[in-house]
Amino acid sequence: METPEKIEVDDRTRVTLTWRDRTVAFEARDLREACGCADCRSEPGKKRTAAVLGGAQTITIDHAELRGAYAINFTFGPDGHGTGIFTWDMLRGLSDAVDGGQP
């Protein structure tokens, strides 16, 4: 498991992770959409997520908190969703998808 060297929340709308070999930025909207918690996987949760993402409001990161040495938890606005845990392995995989694994 690779751990980011630096984590920054920029203007509450973007998270920048600096890995050993590259830096990748994620929009809050993309992280909210990628949430894989039990609520977001349920049918009612999928509908709530779709409604939030389909709205005109800006998706924000209202709070970020480390979960041990393996993950980070975000609380998103405007809906206050905060049950997803984003492991370093998951975020590294998303980083590879975003930039094709390029430094």
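Regarding residue 69, is this residue outside any loop (DSSP other than H, G, I, E, B) and of a type outside the set (Asp, Glu)? Spelling it out, it is not the case that residue 69 is outside any loop (DSSP other than H, G, I, E, B) and of a type outside the set (Asp, Glu). Filtering 60, 3, 16 for residues that are free of Cβ contacts under 8 Å to residues at least 24 places away in the same chain, among the β-branched types (Val, Ile, Thr) and surrounded by 11 or more Cβ atoms within 10 Å (Cβ to Cβ) leaves a single hit, 16. Report yes if some residue within region 37-54 is out of contact with any Lys or Arg (no Cβ under 7 Å at 6 or more places or on another chain), touching a residue at least 40 places away in the same chain (Cβ under 8 Å) and part of a loop (DSSP other than H, G, I, E, B); otherwise report no. Within region 37-54 (the criterion being out of contact with any Lys or Arg (no Cβ under 7 Å at 6 or more places or on another chain), touching a residue at least 40 places away in the same chain (Cβ under 8 Å) and part of a loop (DSSP other than H, G, I, E, B)), the answer is yes, since at least one residue qualifies.
Since every read-out is calculated from the coordinates, none of them should be taken as a lab result. Note that the structure is predicted; figures quoted are calculated from it, not measured. Cβ sites come from the backbone with ideal geometry, for glycine too, and all protein chains shown count toward neighbours.
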